[in-house]
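Taking it in order: structure first as structure tokens, then the write-up.
The values are calculated or read from the model by the stated rules, or taken from the named source; none is laboratory data. Everything quoted here is computed from the prediction, not taken from an experiment. FYI the Cβ positions are ideal-geometry reconstructions off the backbone, even for glycines, and counts take in every protein chain you see.
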Amino acid sequence: MAEAYIVAATRTAGGRRKGKLAGWHPADLAGQVLNNLIDRTGADPALVEDVIMGCVGQAGEQGNNVARGAVLASRFPESVPATSVDRQCGSSQQALHFAAQGVLSGTQDIVIAAGVESMTRVPMGTPVILPAQAGLGTPMSPRQQARYPNIQFSQFMGAEMVAAKYGLTKDQLDEYSYRSHQKAIAATQAGAFKNEIVGIEITDAEGNKTLHTVDEGIRFEASLEGIRSVKLLQENGKLTAASSSQICDGASGVMIVSEAGLKTLGVEPIARIHHLTVIGGDPVIMLEAPIPATKRALAKAGMKIDDIDLFEVNEAFASVPVAWLKELGADPDRLNVNGGAIALGHPLGASGTKLMATLVHALKARGKRYGLQTMCEGGGLANVTIIEAL
């Protein structure tokens with residue numbers, strides 16, 4: 001039976017909006033991740049058969065197939081093809097699925113899955129907002145409107161609906177958010193991210209050059225009282241900016257190879273792709289899909305929730321992982337052990353392979369075997385990836 005292996009996984013440290021990575025064009029930033037994957041494996045970049053890159057804001061500097069732009073901004077030869085994927089927040093997790101499927105099918109041996117998002121330079125919603133302002137319409141078609149009359153698809157509303165459906169309180173969400181920061185602080189101070197982060201050169205206003213290697217979104221001074229004091233996103237709601245993911249700039253990537261690819265590169269795998277699932281759900285509540293997706297993935301893989309050693313569930317909003325924990329009965333001590341997007345940031349299209357880089361390295365550091373990653377995605381979608389650390 002064909003297998004798909006991860007041989008390298010890397011990410012940039014997150015940059016705040018208008019922060020340390022704001023000066024980097026997204027294609028150049030993603031190119032640095034591609035170069036780092038080659039550095040980690042010693043591979044000849046000409047052997048890469050495709051680069052599949054997630055990106056949500058595919059407009060402006062991230063338009064015109066940003067994946068190809070990243071290849072042309074890297075040390076890769078022009079012969080390496082590339083394509084850009086949009087499955088909203090799960091874009092680079094889907095890129096990973098496509099890369100793994102190419103390898104599992106036997107049609108490819110060495111593929112890179114990656115993601116990039118500069119939320120500073122291409123603000124969230126740009127691909128929808130700019131055409132609407134130009135009179136070019138919106139993605140909501142007449143037939144969609146007929147099916148969902150007087151309904152506005154909104155992740156913010158979806159996050160509140162999840163909180164209400166699963167009986168979550170504001171205190172629970174605030175406490176979860178505080179723990180995300182505490183875990184991210186502990187991981188950073190312990191050097192837990194050292195092996196997964198590629199340093200990005202930053203030049204300050206005085207011309208001094210440094211390497212950006214620490215996630216800029218972590219609030220090292222965070223207190224539970226401070227988090228509780230942040231105003232609600234909507235009246236009578238439960239979520240605040242402090243219990244939501246942070247706008248973030250970043251890029252990430254993994255290299256996936258076959259048995260033949262292992263021999264060609266002369267490298268040892270660090271993980272094996274064990275299972276892939278993607279589903280669609282209710283586009284109104286929208287962010288609930290990781291729950292049924294996880295149930296389906298476990299059933300198809302013949303596993304139970306307790307068989308999984310570590311979980312990465314994207315913290316788009318605190319209500320998502322808290323509801324996931326409650327419904328799945330998962331061990332909270334295995335979830336997002338190094339913090340999540342509430343503390344580290346959520347660079348949209350880059351988050352899928354970003355979480356995978358963290359999951360792979362966290363399993364290795366703890367000597368654990370199985371990891372599961374899932375994330376909510378616009379439109380009521382969710383991907384699940386189960387890996388086995390080697």
Exercise for the section: Any residue in region 317-343 that's farther than 19 Å from Q182 by Cα and in contact (Cβ under 8 Å) with a residue 40 or more places away in the chain: show its pairings with residues that are hydrophobic (A, V, I, L, M, F, W, C) and in a loop (DSSP other than H, G, I, E, B) at Cβ separation under 8 Å, as long as the two are six or more apart or on different chains. Expected result: A323/L168; W324/A330; K326/L168
Problem - Single condition T264 does not satisfy, out of (1) in a helix (DSSP H, G or I); (2) without any contact (Cβ under 8 Å) to a residue 12 or more places away in the chain - result: (2)
Practice task
Answer yes or no as to whether A70 is among the aliphatic types (A, V, I, L, M) and out of contact with any Gly (no Cβ under 6 Å at 6 or more places or on another chain).
Solution key: no
Completion exercise
Cβ pairs under 7 Å, 6+ apart or interchain, first in region 280-293 and among the β-branched types (V, I, T), second modelled with pLDDT under 95 and surrounded by fewer than 17 Cβ atoms within 10 Å (Cβ to Cβ), ordered by first then second residue, are V284/I151; V284/F153
Fill in the blank from the handout: Within region 20-40, of all residues that are of a type outside the set (K, R) and closer than 22 Å to G191 by Cβ, the one surrounded by the fewest Cβ atoms within 10 Å (Cβ to Cβ) is D39
Problem - region 162-201, residues that are in contact with a Leu (Cβ under 7 Å, 6 or more places away or on another chain) and either modelled with pLDDT under 95 or farther than 26 Å from K326 by Cβ (or both) - result: G199, I200, E201
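Go over the candidates S223, S252, S229 one by one and state the one that is more than 29 Å from P139 (Cβ to Cβ), touching a residue at least 12 places away in the same chain (Cβ under 8 Å) and polar (S, T, N, Q).
So the residue among S223, S252, S229 that is more than 29 Å from P139 (Cβ to Cβ), touching a residue at least 12 places away in the same chain (Cβ under 8 Å) and polar (S, T, N, Q) is S223.
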Fill in the blank from the handout: When (1) on the phi < 0 side of the Ramachandran plot; (2) out of contact with any strand residue (DSSP E or B) (no Cβ under 9 Å at 6 or more places or on another chain); (3) small (G, A, S) are applied to S258, the one that fails is (2)
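So that you can scan it fast, the table gives a plain yes or no per residue for (1) touching a strand residue (DSSP E or B) at 6+ places or on another chain (Cβ under 7 Å); (2) of a type in the set (K, R); (3) more than 21 Å from L348 (Cβ to Cβ):
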| site | (1), (2), (3) |
| --- | --- |
| I270 | yes, no, yes |
| P283 | no, no, no |
| A289 | yes, no, no |
| M303 | no, no, yes |
Exercise for the section: Kindly check whether there is at least one residue in region 55-70 that is part of a helix (DSSP H, G or I), touching a Leu at 6+ places or on another chain (Cβ under 8 Å) and within 20 Å of A8 (Cβ to Cβ). Expected result: yes
Exercise for the section: Filter region 3-45 for residues that are outside any loop (DSSP other than H, G, I, E, B), more than 16 Å from A67 (Cα to Cα) and small (G, A, S) and give the result. Expected result: A8, A9, G15
Handout entry: region 139-155 residues that are in contact (Cβ under 8 Å) with a residue 60 or more places away in the chain and surrounded by fewer than 13 Cβ atoms within 10 Å (Cβ to Cβ), paired with ones that are not small (G, A, S) and not in a loop (DSSP other than H, G, I, E, B) (beta carbon under 8 Å, 6 or more apart)
Key = none
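Within region 110-135, work out how many residues are in a strand (DSSP E or B) and touching a strand residue (DSSP E or B) at 6+ places or on another chain (Cβ under 6 Å). Let's see the steps before the verdict.
Step one: of region 110-135, the residues in a strand (DSSP E or B) are 110-118.
Of the ones still in play, those that are also touching a strand residue (DSSP E or B) at 6+ places or on another chain (Cβ under 6 Å) are 110-116, 118.
Total meeting the criteria: 8.
Give the number of residues within region 75-103 that are under 22 Å from the mean Cα position of the chain (by Cα) and either part of a helix (DSSP H, G or I) or within 21 Å of I6 (Cα to Cα) (or both).
Residues that pass the stated criteria total 18.
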